[in-house]
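What follows is calculated from the coordinates using simple rules that are stated; it is not laboratory data. Worth saying up front: this structure is predicted, and the values here are computed from it rather than measured. Virtual Cβ from ideal backbone geometry, glycine too; neighbours counted across all protein chains shown.
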Amino acid sequence: MRVLFCGPKLAACGIVLSTWGVVMLGLLGIFFITHSAGLIEDIPLQREDLYPDPNPPQRVYDLYNQVGYNCFIAAAIYVVLGALSCCQMRLNKKKEYLVQ
Amino acid sequence: MVFRSEEMCLAQLFLQSGSEYDCISELGELGLVEFRDLNPSVSSFQRRFVSEIKRCEEMERILGYLLREIHKARIAVPEEDESPLAPPPRQVLEIMEQLQRLEMELSEVAKNKEKLQRNLLELTEYTHMLKITQTFIHSRSRYEEFPTMETDSAGGCTGMQRLGAKLGFISGLIQRVKVEAFERMLWRVCKGYTILSYAEVDESLTDLDTGEIGKSVVFLISFWGDQIGQKVQKICDCYHCHLYPHPENDEERADVLDSLRTRIQDLNNVLHRTEDYLRQVLQKASESAFSWVVQVKKMKAIYHILNLCSFDVTNKCLIAEVWCPISDLAKLRGALEEGSRKGDATVPSFVNRIPCTDTPPTLLRSNKFTSGFQSIVEAYGVGDYREVSPAPYTIITFPFLFAVMFGDLGHGIVMSLFALWMVLTEKKQNKKRSNNEIWTTFFNGRYIILMMGLFSVYTGLIYNDCFSKSLNIFGSGWSIKAMFTNQQWTNKTLQNNALLTMDPNVSGVFNGPYPFGIDPIWNMAVNRLSFLNSYKMKMSVIVGVIHMSFGVVLSVFNHLHFKQKFNVYLLFLPELLFLLCLFGYLVFMIFYKWLAFSARESNRAPSILIHFINMFIMQGKDITPLYPGQTGLQIFLLLVAMLSVPVLLLGKPLYLYWLYRGGKGLRRRRGYERVRRASEDNSITPSYDDDEEEGFDEVSNREPLPKQFDFADVCLHQAIHTIEFCLGCISNTASYLRLWALSLAHAQLSEVLWAMVMRLGFKITTKVGVVFLVPVFGLFATLTVSILLVMEGLSAFLHALRLHWVEFQNKFYHGTGVKFVPFDFSLLPSVFEQEGLL
């Protein structure tokens, strides 16, 4: 990517946010996949999922897995954003070096 | 880190007149001593070295001009890592000469450049005028056929005849903003005998007088008659028009245009060369600019110090009085020897210690890690000379109290990483020297922030709170399955009840406490806050009482050091007893209730607060005692606390009064014992050690036996102290409850942020909606940093600081001392750096 569209500070913010996003969303994804109880309030659970369930708690586990995969996808998007910010940072450094 | 401030001594430096400059230069490089002003009554214009300082200021002025020019030309000034030494007097003249020569050269070149630019502007305007008036004339083609008359001598206009009337032309340029007024004025004055045509110039020209860039307008005035001509001339002068001679015909116009073109080209060449030359001069000057600035700064500082010294009778040597730490005396001697050697003095300069009665300034040495904590202690007040310093303990207690209020694992990790980055890149950041004050404040406190972050990670693990979620590392101690296996709950109970209570008395439900921290099951309990509030409040009181007792204990060291042993019995003991008998007992009751009552007896567990209040109003007959013998013990503790108040109030004044009255009232009856006692009695008279060197300075009695003993004054002072301490005990203990309040606020804010922001991202069920999680997380991160880290962090920092300054330090710290500011070149501010020129 040759086009420079953000300054050094924005690129640095992007790198920090992306790293944090990757780490945190990755860990959250793992916790959702392992069906941790503390996160029960964060899944889109409806009353219908609980009671007429022939094989409990499979529906709940499915929802957990879904949210988990969502988190992994978001983490992947943040990897892309992080790479983008890294490129911008490198371009900025080159520009700074050239001017001086 | 040091326990108390260093021992200082007052010393006299005898500097020989040849080498005093070099000696002071050496001392400035080392930054050992603080100079005292020996001529306080002399104004700055009457001092000895005033002409040298004037010379330095002249050099600074030239340097300022030079740096401004360099800055305008956008040349960077290279900085050296090692700062140069102060120049000896003979080199000073060289530097002065160089600077003056540079200044002259620069001002000449600048003047020439301005003249050339003015010239260029005139030529450019003339060119524009010629081109534009050509179009006017050609549009009114009738004028071409008329023969020209002789040139009118009044103001460069050519006359033409038309129908017997003499036609004159005046042409020039005027600023666009003035054109309408100009036209109106012309019309009013000349009443229709003039025709004005004007057109705007495309190019914006710089007006050299004001430096503005604005549009100009070329005008051509044709008029009849001489008188009108003069009037028009005057109006043009009024409006500051630039007038140029109007050519008579096309050939002349073309000639003039050609010659103008060549002249403009030449001028541009010369201007470029001038600018290049100017740049070269500035480039050369910029190489040595930095060292000149430093050298002049050091020189000026040395002369200021020399002004503080006094000359002795023989006028051969300078005497300076300095405060010097005793441990640095050897270095001081070494520095003087070095200075004498550099100055080629025949007689070396030397140091002489003198006794002093003034209180020396306080020096506490610190390194880059401890200086942050030192500065937050000193913000409250610099310690008295040789007083116990609270700084070493602050290194641990301050981050700990912050962490108790901030406790969150995730936030702690983010804060620690931020501080770690600052610490690891500190060399680079130090070189950058930013102008942003907020950033500099954060950067200077990087070690404090690092400690706060690490401690927050620890308390986050204890509170089991990570971005408002609990981590289940060891496996919860509560088991819901056991409620089912023991037939307490069935599926029907689950369907019919929204909330259920787990009973720890049922076997298998509670399997012992969680190994480290709060059990993660509490995160899902509705009554979580009831449990945590009770725990955090009790913890705050315990931490508070321990912190305050520690403060009271530290005061013993002060009393012993200042040889006021009576204070230990009359101040420290009553204070400690009062604090421990009342609030220490409260802490004991808290621990007792935690240990003595288990889940089985929990519905019978008494309220500690009720027991505590009953202790004071001495009504405990109706309630079951916590432990056997409680009433008796409580009465005893209350009595001790009550008795310590009058001791605290009256003990010290009465003792001092007794001392003042002679203090030997009891001893007169025991004859020969008096001799033995008097030699042992060293609590009042100062003690001289065997070593003469030390003997001078341990005369540091805080309250030497005064000639005039004002009993009322001492009584009043002691009464204030007693009231402050006793009431303060209660209010300060309650004040520590802020540890609970802030940690509750932080936890709740964290939970709200998660529930209202992150949860939205998780609840999206559509396929495409998953991308929504990305901006939601970004928002969550931004809000976490801005609200929870910055705002809550600053708040917790402030409250922890307040707890240290007020509740901890008012138990033992006076903080009324003066800080030791050594004469050090690196501590002097640089005017140019502040202006951003360097």
Using the Kirkwood radius over Cα pairs of the protein assembly as shown, the Stokes-Einstein translational diffusion coefficient at 37 °C and 0.692 mPa s, in µm²/s and rounded to a whole number, is 87
In degrees, nearest 10, the alpha-carbon axis of helix B:630-660 is tilted away from the dominant principal axis of the alpha carbons of chain B by 60
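If you take every residue apart from B:TYR126 with its C-beta less than 14 Å away from the C-beta of B:TYR126, what net charge results, scoring Lys and Arg +1 and Asp and Glu -1? Numbers along the way, then the final one.
On the way: positive: B:ARG118, B:LYS131, B:ARG253, B:ARG261, B:ARG263; negative: B:GLU122, B:GLU125, B:GLU203, B:GLU252, B:ASP255, B:ASP258.
The answer is -1.
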For B:CYS729, A:CYS87, ascending order of other Cβ atoms within 10 Å (fewest first) is A:CYS87, B:CYS729
Percent relative contact order for the stretch B:444-524, counting Cα pairs under 8 Å at least six residues apart, stands at 41
Here the residues of the stretch B:201-241 lying in the modelled label zone of B:VAL177, meaning backbone nitrogen under 11 Å from a point 7 Å along Cα-to-Cβ, are B:212-215
Rounded to one decimal in nm, the spacing of the 7 Å Cα→Cβ label points at B:ARG528 and B:VAL270 is 8.3
Listed by chain and number, the lysines with an alpha carbon less than 27 angstrom from that of B:LYS811, same-chain partners under 8 positions apart left out, are B:LYS536, B:LYS538, B:LYS563, B:LYS565, B:LYS652, B:LYS819
Between B:LEU499 and B:LEU639, the two model label points (7 Å from Cα along the beta-carbon direction) sit apart by a distance in nm of 4.8
Measuring from the longest principal axis of the C-alpha atoms of chain B, the long axis of helix B:329-342 (C-alpha) lies at a number of degrees, nearest 10, equal to 30
Share (percent) of C-alpha pair distances in the stretch A:8-97 greater than 23 Å works out to 42
Between the Cα axis of helix B:179-190 and the main Cα principal axis of chain B, the angle (0 to 90°, nearest 10) is 40
Between B:MET104 and B:ARG353, the FRET efficiency computed from the C-beta separation at R0 = 56 Å comes out, to the nearest 0.05, as 0.60
Stokes-Einstein D for the stretch B:354-434 (4 °C, 1.567 mPa s, Kirkwood Rh from Cα pairs), in µm²/s, comes to 83
Quick note on B:ILE462, B:ILE730, ordering by fewest other C-beta atoms within 10 Å, gives B:ILE730, B:ILE462
Sparse-neighbourhood loop hits (trypsin sites (Lys or Arg not before Pro), the stretch B:180-223; DSSP loop; Cβ within 10 Å at most 12 others) -> B:LYS191
Rounded to the nearest Å, the spacing of the alpha-carbon centers of the stretch B:325-346 and the stretch B:12-89 is 20
For the stretch B:183-264, the Cα-Cα pair-distance distribution in 10 Å bins from 0, as whole percents, is 14, 38, 35, 12, 0
Classified through the alpha carbon gyration tensor (a ≥ b ≥ c as square roots of its eigenvalues; rounded if a/c is under 1.5, else prolate when a/b is larger than b/c, else oblate), the stretch B:219-306 comes out oblate
Rounded to the nearest 500, the 222 nm mean residue ellipticity computed for chain B from DSSP H runs (n ≥ 4, each -39500 (n - 2.57)) alone is -17500 deg cm²/dmol
Taking R0 as 56 Å and r as the Cβ-Cβ distance between B:SER602 and B:TRP439, the FRET efficiency 1/(1 + (r/R0)^6), rounded to the nearest 0.05, comes to 0.60
For chain B, shape from the Cα gyration tensor axes a ≥ b ≥ c, cut at a/c of 1.5 then a/b versus b/c, turns out oblate
Stretched fully, the stretch from B:GLN230 through B:LYS215 gains (0.36 nm per residue minus C-alpha distance, one decimal, in nm) 2.7 nm
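Name the shape class, rounded, prolate or oblate, that the alpha-carbon gyration tensor gives for the stretch B:797-837, where a ≥ b ≥ c are the square roots of its eigenvalues, rounded holds for a/c under 1.5, and otherwise prolate holds if a/b is larger than b/c and oblate otherwise.
Values: a/c = 5.78, a/b = 2.00, b/c = 2.89.
It comes out oblate by the Cα gyration axes.
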Filtering GluC sites (Glu not before Pro) in the stretch B:757-838 by DSSP loop and by at most 13 other Cβ atoms within 10 Å leaves B:GLU835
Residues B:ASP207, B:ASP81, B:ASP237, B:ASP202 in order from fewest to most other beta-carbon atoms within 10 Å are B:ASP81, B:ASP202, B:ASP237, B:ASP207
Once B:ILE720 and B:VAL790 are pulled to full extension, the length gained, defined as 0.36 nm per residue separation minus their Cα-Cα distance, is 21.3 nm
Taking the alpha-carbon centre of each part, the distance from the stretch B:90-134 to the stretch B:498-550 in Å is 81
For chain B the mean separation of alpha carbon contacts under 8 Å (6+ apart) over residue count, i.e. relative contact order in percent, is 20
Rounded to 0.05, the calculated FRET efficiency for the beta carbons of B:GLN12 and B:SER51 at R₀ = 25 Å is 0.40
Expressed in angstrom and rounded, the centroid-to-centroid distance over alpha carbons for the stretch A:32-46 and the stretch B:421-458 is 38
Under the 7 Å Cα-to-Cβ spin-label approximation, A:ALA12 and B:ILE480 lie apart by a distance in nanometres of 4.7
